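The structure appears right after this line, and notes come after that.
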Amino acid sequence: SQTIHQWPATLVQPVGSPLSLECTVEGTSNPNLYWYRQAAGRGLQLLFYSVGIGQISSEVPQNLSASRPQDRQFILSSKKLLLSDSGFYLCAWGRATYNEQFFGPGTRLTVL
Amino acid sequence: EDKVVQSPLSLVVHEGDTVTLNCSYEVTNFRSLLWYKQEKKAPTFLFMLTSSGIEKKSGRLSSILDKKELFSILNITATQTGDSAVYLCAVNRGAQKLVFGQGTRLTINP
């Protein structure tokens with residue numbers, strides 16, 4: 001069965017510091033991978049998605065970037081965090097052949 | 001612009017009540033509608049709907065889609081405190097991209 005991991009679970013970072021969040025998927029190959037952000041009391045906003053190694057599409061202009069160095073690894077980064085980057089970051093995987101997406105446990109980021 | 005709107009935003013009921021959660025959408029290239037339950041952390045998948053008028057059911061939860069009127073409902077009968085959560089509706093608009101509503105926070109009081 002498939003499993004999706006994210007770490008860290010929580011993170012408190014000062015404004016202007018760098019960020020690296022990692023997501024890995026087990027039990028499947030060539031998944032589509034997604035990064036979402038959920039602000040407090042809001043729905044999920046798609047930030048990036050990837051259909052293969054090195055292929056990244058950005059949905060919204062922002063202070064963040066994503067990379068996919070391996071088939072089942074997806075990384076979310078920032079060079080300098082802003083206060084507005086605070087939120088709950090979720091990684092998800094899906095397949096081109098069906099519509100469901102399955103979410104990892106998430107990382108709660110607080111930028112102070 | 002693609003849009004998914006859920007109502008109500010918040011709902012408080014007593015254990016044993018039946019609730020109906022609503023989701024309306026305006027998206028180009030509709031592929032499917034999905035419902036998720038989110039407790040403390042990651043959303044967990046409940047249903048995926050692609051055809052109008054066909055009810056999906058899982059225990060006390062059921063859902064139906066109306067593609068003509070562009071909405072879906074999620075029903076929960078005989079609610080329990082464990083049903084307390086945020087329920088998210090999402091529409092797949094192609095290329096496996098999901099557009100999410102803002103969620104309905106459901107609280108079940110004993």
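Can you list the residues in the range B:33-59 whose accessible area drops by at least 10 Å² when all protein chains are present, compared with the chain alone? Use a 1.4 Å probe, heavy atoms only. For the range B:33-59, once contacts with the other chains are taken into account, B:LEU34, B:TYR36, B:GLN38, B:LYS40, B:LYS41, B:ALA42, B:PRO43, B:PHE45, B:MET48 lose 10 Å² or more.
Here the label points at B:ASP17 and B:ALA78, each 7 Å from Cα along the C-beta direction, are separated by 1.9 nm in the simple model.
Considering only B:GLN38, B:THR79, B:GLN96, and ranking their Cα positions along the charge dipole of chain B that arises from unit charges at the beta-carbon of Lys, Arg, Asp and Glu, the one farthest toward the positive end is B:GLN96.
In Å², and per residue, what accessible area does the range A:1-77 have when probed at 1.4 Å with the other protein chains present?
Roughly 48 Å² per residue, with all protein chains present.
Rounding to the nearest 20 debye, state how big the charge dipole of the range B:2-78 is about its Cα centre with +1 on each Lys and Arg Cβ and -1 on each Asp and Glu Cβ. It would help to have the intermediate numbers written out before the result.
On the way: 10 positive and 8 negative charges, 57 e Å.
Its charge dipole is roughly 280 debye.
Compute the length gained on full extension between B:GLU69 and B:THR44: take 0.36 nm times their separation in residues and subtract their Cα-Cα distance, giving the result in nm to one decimal.
Value of the extension gain: 6.4 nm.
With the largest listed first and rounded to whole Å, the semi-axes of the equivalent ellipsoid of chain B from the Cα gyration tensor are 23, 14, 12.
For chain B, a Gaussian network of Cα nodes joined below 10 Å ranks B:LEU49, B:LEU70, B:LEU88 by mean-square fluctuation, and the top entry is B:LEU70. Buried area at the B:A interface is about 1700 square angstrom, summed over both chains, from accessible surfaces computed with a 1.4 angstrom probe. For the range A:1-110, the dipole from Cβ point charges (+1 on Lys and Arg, -1 on Asp and Glu) about the Cα centre works out to 200 debye, to the nearest 20.
Could you provide, to the nearest whole Å², the per residue accessible area of chain B with probe 1.4 Å? Mind showing how you got there, number by number?
Numbers: 5320 Å² over 110 residues.
Per residue, chain B has an accessible area of 48 Å².
At what distance in angstrom do the alpha carbon centres of the range A:21-47 and the range B:2-76 lie from each other? Measuring centre to centre over Cα atoms gives 21 Å. The stretch between A:SER77 and A:TRP7 holds 23.9 nm of extra length on full extension. This uses 0.36 nm per residue minus the Cα-Cα distance.
Residues within the reach of a label modelled at A:ALA40 (point 7 angstrom out along Cα to beta-carbon, backbone nitrogen below 12 Å), restricted to the range A:71-106, are A:86-88.
The values are calculated or read from the model by the stated rules, or taken from the named source; none is laboratory data. Note that this is a predicted model, so its numbers are computed, not measured. Neighbour counts run over all protein chains shown; Cβ positions are idealised from the backbone, glycine included. In case anyone asks, the SASA skips ligands and DNA or RNA and just uses the protein heavy atoms, side chains included. Shrake-Rupley method; radii C 1.70, N 1.55, O 1.52, S 1.80 Å.
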